[in-house]
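Accompanying notes for the structure given below.
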Amino acid sequence: MNDKLNINEQICFPIYLLAKDIIALYKPLLNALNLTYPQYLVMLVLWENETRTVNTIGKTLNLDSGTLTPLLKRLQQKELVTRTRSVTDERVVNISLTTKGAQLKNEAQCIPEQMMEAMNVSVEDLTTLKELVIKILNSKK
């Protein structure tokens, strides 16, 4: 009889291991940019649109303000972003890329390809995996 509680029968375990491995593969690439993985995620959001509110970044990355605020402060200390209160609503904090932050995008351009090589998978494999993960994530909404 197959034990449903056997670790090897669980879908969560290989996903957990994969997530840890992927973040570990990012580490040396991001160290070269002086970024942590969460900081890299924020930069990805800002590289898409140079100014975002803290709330928008938090919703995009599924991070609460308690996690996001110190992360943004560190990015500001690195002179990659600026944090300014909205003129129309002081509760709103806008996060904008600095010139240095925008230029860092050029150095990061090679990361997706390097990650694909490090994982030894094709674009098609990654696309299939991503689509399945998104399907699962969207099914709980």
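What follows is calculated from the coordinates using simple rules that are stated; it is not laboratory data. Because the structure is predicted, anything quoted here is derived from the model rather than measured. Here the Cβ is made from the backbone with ideal geometry for all residues, glycine too, and neighbour counts use every protein chain on show.
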Nearest 0.05, what FRET efficiency do Tyr16 and Gln76 give at R0 = 22 Å with Cβ-Cβ as r?
0.10
Can you tell me which lysines have their Cα less than 20 Å from the Cα of Lys27? Leave out same-chain residues fewer than eight positions away.
Lys78, Lys105
Identify all lysines with a Cα-Cα distance to Lys140 below 28 Å; exclude those on the same chain that are fewer than 8 residues away in sequence.
Lys4, Lys20, Lys59, Lys130
Gain on full stretching of the segment that runs from Leu44 to Asp3 - 0.36 nm per residue minus C-alpha separation:
10.6 nm
Label-point separation, Ser65 to Val92 (7 Å along Cα→Cβ), nm:
1.4 nm
Where the centroid of each part is defined by its Cα atoms, how far is the stretch 18-66 from the stretch 75-110 in Å?
13 Å
